[in-house]
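The values are calculated or read from the model by the stated rules, or taken from the named source; none is laboratory data. Not measured: the values here are computed from a predicted model. No Cβ is skipped: glycine too gets one built from the backbone with ideal geometry, and neighbour counts run over all protein chains shown.
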Amino acid sequence: MKAMVIRQFGGPEVMRLEEVPTPKPGPGEVLIEMHAVSVNRTLDLIVRAGKYPRPIDFPHVLGVDPAGTIVAVGEGVQTRKVGDRVVTYLRRHSVSPTETPVILGVNVWGGYAEYVKWLEECTYIVPDGVDFVTACVVARHAPLAFAMLRDKAQVKPGEWVLVMGAAGGLGSAAVQVAKYLGAKVIVAAGSDERVAAAMELGGDAGVNYRSQDLTAEARRIAGGRGVDIVMENIGDPELFSKAFMALGRGGRLVTAGSHGGGIVPVNVSHLYFNHITIMGWTGQSDADMNDCLKAASEGRLRMLVDRVMPLAEAVEAHRIVGDRSGLGKVILQPSAKP
């Protein structure tokens, strides 16, 4: 099969299209013919650059969110069959609390390839009427957005939610999830174009955090008392601090992402005087995934996709994502099937 292989850390050019052996599914595994995989800042660009905080073995193939068709099954597979259209969850489920998770595309070869093998238990059926590109983006971001906002932040109807990076993959899903939960949503992004795109997904107000005072604007929009929840997924030192200071009394900040740096200042006085909670979260449940795929099949979830590119153009895809020159997710398509 063809795969985009990296044999050393570096810029996008370290990825090379190579012929490598097609994997064979082992016990409890399925082999998926790849139709879509997205390009992610942290789990693709940062891993490729050698800045991810876990060791990577070379040669390596990136790609944490493959979607495609099962073409072979390993011994013991019971719930999946050849021909099933599936998306994947990137972490192995059966991990003890003290064991480091195994992540597809990080610890094992991922989906920047014509075929990928993964665990049966980490695959989900794509509903009829949902194409692979949509399924890939929904599966990557929407379940986590539900888990962060509904389960961790416990958003209540009528509360104000400030969504950072609101035109990104996770942010755009969070805007829609917050509205689904009955919240009022402030969409925050780094350009007027991105703010406008996020507003079309259901935002009640928008802030360009590159040209406006994020803290002042968010507090003003929320009636002066501050927002109830911040959904943060950037980890930029300046932006994180400004979003945190927009929280009012009893506010909750939930975060999953650090491509902006990850080391951020926190005003501890604002934290304890206002009884604020900060939570980090990366988990999701099977129910989250299945509910989101069902919502997509019913047209209740829209995903922002900037462009779909052939696997051979992965180098350029990484440059586009790294330069932030696109609007929405960039998708690689090893196969042209819908």
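Details
- Those residues of the stretch 176-198 which are under 19 Å from the mean Cα position of the chain (by Cα) and either among the hydrophobic types (A, V, I, L, M, F, W, C) or assigned to a helix (DSSP H, G or I) (or both), in sequence order: GLN176, VAL177, ALA178, LYS179, TYR180, VAL187, ALA188, ALA189, ARG194, VAL195, ALA197, ALA198
- The sole residue among ALA147, ALA167, ALA173, ALA139 that is part of a helix (DSSP H, G or I), of a type outside the set (Val, Ile, Thr), closer than 29 Å to ARG220 by Cα and touching a Leu at 6+ places or on another chain (Cβ under 8 Å) is ALA173.
- Among the residues making up the stretch 108-136, those that are assigned to a helix (DSSP H, G or I) and more than 18 Å from ASP44 (Cα to Cα) are GLU120, GLU121, CYS122, PHE132, THR134, ALA135.
- Per-region count, the stretch 116-141, residues of a type in the set (Phe, Trp, Tyr) and crowded, with 24+ Cβ neighbours inside 10 Å: 2
- Some residue of the stretch 6-24 being touching a His at 6+ places or on another chain (Cβ under 8 Å) and in a strand (DSSP E or B): yes
- Residue check: LEU201 meets all listed conditions (1) touching a Gly at 6+ places or on another chain (Cβ under 8 Å); (2) within 30 Å of ALA135 (Cβ to Cβ) but one, namely (1).
Residue-by-condition table, conditions (1) exposed (fewer than 14 other Cβ atoms within 10 Å of the Cβ); (2) assigned to a helix (DSSP H, G or I); (3) in contact with a His (Cβ under 6 Å, 6 or more places away or on another chain):
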| position | (1), (2), (3) |
| --- | --- |
| PHE244 | no, yes, no |
| GLY251 | no, no, no |
| VAL254 | no, no, no |
| GLY257 | no, no, no |
| GLY261 | yes, no, no |
| TYR272 | yes, yes, no |
| HIS275 | yes, no, no |
| ILE278 | no, no, no |
| GLN284 | no, no, no |
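- Summed over the stretch 11-43, the residues that are out of contact with any helix residue (DSSP H, G or I) (no Cβ under 7 Å at 6 or more places or on another chain) and within 27 Å of ALA167 (Cα to Cα) give a count of 5.
- Test: residue in the stretch 63-74 that is in contact (Cβ under 8 Å) with a residue 12 or more places away in the chain and more than 23 Å from THR22 (Cβ to Cβ): no
- Hits in the stretch 198-213 - residues which are crowded, with 21+ Cβ neighbours inside 10 Å and closer than 17 Å to MET303 by Cβ: ALA198, LEU201, GLY203
- If you go through the stretch 209-235 and keep only what is outside any loop (DSSP other than H, G, I, E, B), out of contact with any strand residue (DSSP E or B) (no Cβ under 7 Å at 6 or more places or on another chain) and not charged (D, E, K, R), you end up with THR215, ALA216.
- Residue in the stretch 150-164 that is nearest to ASN208 (Cα to Cα), counting only those that are of a type in the set (A, V, I, L, M) and assigned to a loop (DSSP other than H, G, I, E, B): MET164
- Of all the criteria given as (1) modelled with pLDDT of 95 or more; (2) out of contact with any helix residue (DSSP H, G or I) (no Cβ under 7 Å at 6 or more places or on another chain); (3) crowded, with 24+ Cβ neighbours inside 10 Å; (4) not basic (Lys, Arg), the one not satisfied by PRO157 is (3).
- For ALA135, the criteria (1) free of Cβ contacts under 8 Å to residues at least 60 places away in the same chain; (2) of a type in the set (Gly, Ala, Ser); (3) not assigned by TED's automatic domain parsing to the domain that holds HIS35 hold in every case but one, which is (1).
- Qualifying residue in the stretch 87-102 (condition: in contact (Cβ under 8 Å) with a residue 40 or more places away in the chain, assigned to a loop (DSSP other than H, G, I, E, B), of a type in the set (A, V, I, L, M, F, W, C) and surrounded by fewer than 21 Cβ atoms within 10 Å (Cβ to Cβ)): no
- Failed condition for GLY74, given (1) at pLDDT 95 or above; (2) surrounded by fewer than 24 Cβ atoms within 10 Å (Cβ to Cβ); (3) under 21 Å from the mean Cα position of the chain (by Cα): (3)
- Of the residues contained in the stretch 297-308, one or more are found to be farther than 29 Å from PHE9 by Cβ and touching a Pro at 6+ places or on another chain (Cβ under 8 Å).
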